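Okay, structure first, notes after.
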2 protein chains.
Amino acid sequence: MRTMKKLSLLISVLFAFYVFSHAQNNINKTEGEPASTNISGAEYPRILPDNRVIFRIKAPDAQKVQADLLKKYDMVKDATGVWEVTTDPIVEGFHYYSLFINGVPICDHSSQTFYGMGRMASGIDIPEKGVDYYLAKNVPHGQIRQVRYYSNITKSWRRAFVYTPPGYDIKLNERYPVLYLQHGGGEDETGWPNQGKVDFILDNLIAEGKAKPMLIVMDRGYAVDPNAPKNDRESGIRRMLQGNQTLTDVFIKEIIPTIDKEFRTITDREHRAMAGLSMGGFQSFQITLTNLDKFAYIGGFSGAGFMMPGTDIKEMYNGVWTDVEVFNKKVKLVYMSIGTAEPERMYQSVNNFHKELEKAGIKHLYYESPGTSHEWLTWRRSLNQFASLLFK
Amino acid sequence: MRTMKKLSLLISVLFAFYVFSHAQNNINKTEGEPASTNISGAEYPRILPDNRVIFRIKAPDAQKVQADLLKKYDMVKDATGVWEVTTDPIVEGFHYYSLFINGVPICDHSSQTFYGMGRMASGIDIPEKGVDYYLAKNVPHGQIRQVRYYSNITKSWRRAFVYTPPGYDIKLNERYPVLYLQHGGGEDETGWPNQGKVDFILDNLIAEGKAKPMLIVMDRGYAVDPNAPKNDRESGIRRMLQGNQTLTDVFIKEIIPTIDKEFRTITDREHRAMAGLSMGGFQSFQITLTNLDKFAYIGGFSGAGFMMPGTDIKEMYNGVWTDVEVFNKKVKLVYMSIGTAEPERMYQSVNNFHKELEKAGIKHLYYESPGTSHEWLTWRRSLNQFASLLFK
């Protein structure tokens, strides 16, 4: 008995964390399904068949608890100190969310965290019904590789995630085209691998013969030159608008050469693409359109050209559109997309730019993602479409 | 003017997240340094030269805010609603921590999150002074690759992270030995790549010629057979003790064959090692000692053999130690380690097992990590030592 007690104590210490992590298994299951974005074993948040979501959190000593998912919902406490709310039906797609404890936004312990909102944030993926293009399927799978490199421009260690297609380590005589794919503002290089499901989307496209096997490089959309004036470094907006040259330099002088050295790439412009979402879309248009000797495919998802109202399109990007005929011949694809449920100003900005290109006779493909907002479902759909058009 | 206003509004929407993420740049800096585990740009938590830590959080409407880092510290609110505390000096190493808002443990928005404590948790890395073996240095760098595979035993998609040494993609005729390296309870396969700094440790060892170039496979230490009785699946402790056979099966029948297929491994037992920390150490001893035809090197960091008090060592692991002479010849290395500052019960458990092996004449290497607790600095040191002894 004494032995068993000692043993049991030992086990308690060693596996306390483990047990804690699976404690939720014992709660009663109700209708609906745990979100795929929950940590392993967590039963809440649950998604109901009509896309309403039930959130729960234990907080006996809190006075006010809310769930913030597109709008704020007051949660209600039961006798055991557990707060709960069922939301309105939530639009399909991936949403960052917070719980609020006495006014402080917090991550939900039941959720995985994702770098978004400029910090680690909870996320919930409301599945798109009737599709499986971004799900794990029984097809050959590529890898996502973390590559570290030192940037002499920013004087810092950076990392890129690189998707390599199935067979990359077997077909050793094959060289591959490359898509550089950028995250949005408040996100980082983990966005496309985690929220974006980039590997499943490409694995599935390649298995169906819809996309060419390619590398996808997901790097960081921030670059600060420590030698730049202090003001340039400290303001977020200024950094975005004026700091672009640093980011362009990092891409052209450091990231592309690093990738061409570490991987079996095809290095001519006809086999290099760049795209990004939101802020990453603006960056992609900026970087590619000022470096057309390096890129032949250009994409912007919910963000494309940055057009100051009243600007003449022929003056943009060092005059790349002064000779539209030359441009149309040189560039294989200009792609832009927007969700129809995005905030009006954002929709208008992309839609207007599309109309300006049309007016100017600049060939491009414009896609509206039905019913989706400024979030990852818009961007998964866009990538699914864009990737299938590359390098053909 | 109107144009600029429209533009400014547009920018505000598009880059709101971005600006938010860098807002902290504007606060006054005090003494000490931001922790390396902070999100990019976050000035708090700050580590003072004597290893005291300053935590801060804005929570104007909270009644009670605490920081929980080895012990709980009450935080104090200033006139602007910001709570702050300076802790006692913290022991060197990596520590999970929580902030408490009215009694609810939360992640600190200024910290990166790590899967530990059975959930995403904040972490703070108090640097070990005077060493750089786990830091990024100007040496050739390997990659960490995410490999997805379907497990027929657990009927689920799993993933492994695989460290490939520098030159793996260049020296295409070379084959490599493999170390299987397991996380602890409440953690997962992201532990060694993130908290463990596995890539920097190996990059540095290999650059100095102290370790052979090798692959390191970091998989998930949980495996549930959905056909097992329901009780086995629902209790954490039971799953650990009885579910081991499922995990062993997944390793032997699925993980090792997957790695041997996807990578240029050397597949004999003399070129395969397994080690783990805490729970992962027990798993490693269980899996290797019942499969000595597959492994020649065995490691347990803060967790090794699982010895029921009163057990005869010759009865353990299917009698692997009935003939000690045969065992000592067959196994190239048995390694175990423990931090001297670990909880007494944990220290005793590993130290006693070491003494039992010694008594029985079973060759092994026993290392005590001076001054470190049950955390990642103990395990980084152990890996640094263990990896240098492998495959020689």
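For the range A:267-392, a/c is not less than 1.5, where a ≥ b ≥ c are the root eigenvalues of the C-alpha gyration tensor, and a/b does not top b/c. That puts it in the oblate class. Give me the summed buried accessible area for the B-A pair, 1.4 Å probe, to the nearest 100 Å². For chain B against chain A, roughly 7400 Å² becomes buried.
Between the helical axis of B:2-22 and the longest alpha-carbon principal axis of chain B there is an angle of about 40 degrees. Rolling a 1.4 angstrom probe over the range B:187-231 with all protein chains present gives an accessible area of which 46% lies on carbon and sulfur atoms.
Comparing A:Leu172, A:Leu215, A:Leu48 in a Gaussian network model of chain A, where Cα atoms under 10 Å apart are tied by springs, the biggest mean-square fluctuation is seen for A:Leu172.
Note on the range B:333-388: along the principal axes its Cα atoms extend 30, 29, 12 Å, ordered by decreasing extent.
Cross-link pairs exceeding 21 Å between alpha carbons, from the set A:Lys197/A:Lys355; B:Lys332/B:Lys363; A:Lys261/A:Lys294; A:Lys261/B:Lys197; B:Lys294/B:Lys363: A:Lys197/A:Lys355; A:Lys261/B:Lys197. In straight-distance terms, cross-link reach from A:Lys210 covers every one of the aspartates and glutamates whose alpha-carbon lies under 18 Å from its own, apart from those fewer than eight places away in the same chain; here that gives A:Asp132, A:Asp199.
Taking the longest Cα principal axis of chain B as reference, the axis of helix B:279-289 is set at about 20 degrees. Excluding ligands, DNA and RNA, the accessible surface per residue across chain A is 40 Å² with a 1.4 Å probe. Counting only DSSP beta bridges whose two residues both lie in the protein assembly as shown, roughly 65 percent are antiparallel. Each Lys or Arg adds one and each Asp or Glu subtracts one; over the other residues with Cβ under 12 Å from the Cβ of A:Asp78, this totals +2. Mean separation of Cα pairs under 8 Å and 6 or more residues apart, divided by the residue count, gives chain A a relative contact order of 12 percent. Assuming a ≥ b ≥ c are the square roots of the Cα gyration tensor eigenvalues, decide whether the range A:84-173 counts as rounded (a/c under 1.5), prolate (otherwise, with a/b larger than b/c) or oblate. Oblate, since a/c reaches 1.5 and b/c is not below a/b.
Neighbours of B:Thr288 by Cβ distance under 12 Å: Lys/Arg scored +1, Asp/Glu scored -1, total +4. Only lysines eight or more places from B:Lys72 in sequence, or on another chain, were considered; those with a Cα closer than 20 Å are A:Lys58, B:Lys58, B:Lys64.
In this assembly of identical copies, the label point of A:Arg52 (Cα plus 7 Å along Cα-to-Cβ) is separated from its counterparts by 5.2 nm, sorted shortest first. For chain B, the longest principal axis of the alpha carbon atoms and the long axis of helix B:344-360 meet at an angle near 20°. Helical runs assigned H by DSSP (4 residues or longer) give the protein assembly as shown a calculated mean residue ellipticity at 222 nm of -8000 deg cm²/dmol, each run adding -39500 (n - 2.57) before division by the residue total. Dipole orientation for chain B: of the candidates B:Val224, B:Pro60, B:Ile101, B:Val224 has the Cα lying most toward the positive pole (charges on Cβ; Lys, Arg +1; Asp, Glu -1).
Largest mean-square fluctuation among A:Gly221, A:Gly142, A:Gly209, in a Gaussian network model of chain A whose springs join Cα atoms under 10 Å apart, belongs to A:Gly209. In this assembly of identical copies, the label point of B:Lys212 (Cα plus 7 Å along Cα-to-Cβ) is separated from its counterparts by 4.1 nm, sorted shortest first. Ignoring GluC sites (Glu not before Pro) that are buried or in helix or strand per DSSP, and keeping those with at most 13 other beta carbon atoms within 10 Å, what is the longest stretch of chain B between them? Maximal segment without exposed cleavage sites: B:209-392. Each Lys or Arg adds one and each Asp or Glu takes one away; over the other residues whose Cβ falls under 13 Å from the Cβ of A:Asp108, this sums to +1.
Across the options A:Pro127, A:Met307, A:Leu179, the greatest Cα extent toward the positive end of the charge dipole of chain A (unit charges at beta carbon of Lys, Arg, Asp, Glu) belongs to A:Leu179. With q set to 0.15, 0.20, 0.23 Å⁻¹, the log10 of I(q)/I(0) for the range B:133-220, from the Debye formula over equal scatterers at the Cα positions, is -0.58, -0.95, -1.16.
Remark: C-alpha extents of the range A:292-331 on the principal axes read 27, 24, 14 Å, sorted largest to smallest. Take B:Met308: with every protein chain present and a 1.4 Å probe, its accessible area is about 80 Å². Per the Kirkwood formula applied to alpha carbons, chain B shows a radius of gyration over Rh ratio, Rg over Rh, of 1.02.
Remark: label point of B:Ser156 defined 7 Å out from Cα along the Cα-Cβ vector; separations to the same position in other copies 3.6 nm, ascending.
Along its three principal directions, the equivalent ellipsoid of the range A:241-331 from the Cα gyration tensor extends over semi-axes of 23, 16, 11 Å, largest first. Binning the C-alpha pair distances of the protein assembly as shown at 10 Å intervals from 0 yields a P(r) profile of 2, 13, 23, 26, 21, 11, 4, 1, 0 %, listed from the shortest bin outward. The listed residues B:His364, A:His95, once ranked by accessible area (1.4 Å probe) with the largest placed first, stand as B:His364, A:His95.
The values are calculated or read from the model by the stated rules, or taken from the named source; none is laboratory data. Please read these numbers as outputs of a predicted model, since none were measured by experiment. Backbone-built Cβ (ideal geometry, glycine too); neighbour counts: all protein chains shown. Areas reflect the complete protein model, heavy atoms only, side chains present, ligands, DNA and RNA absent. Shrake-Rupley method; radii C 1.70, N 1.55, O 1.52, S 1.80 Å.
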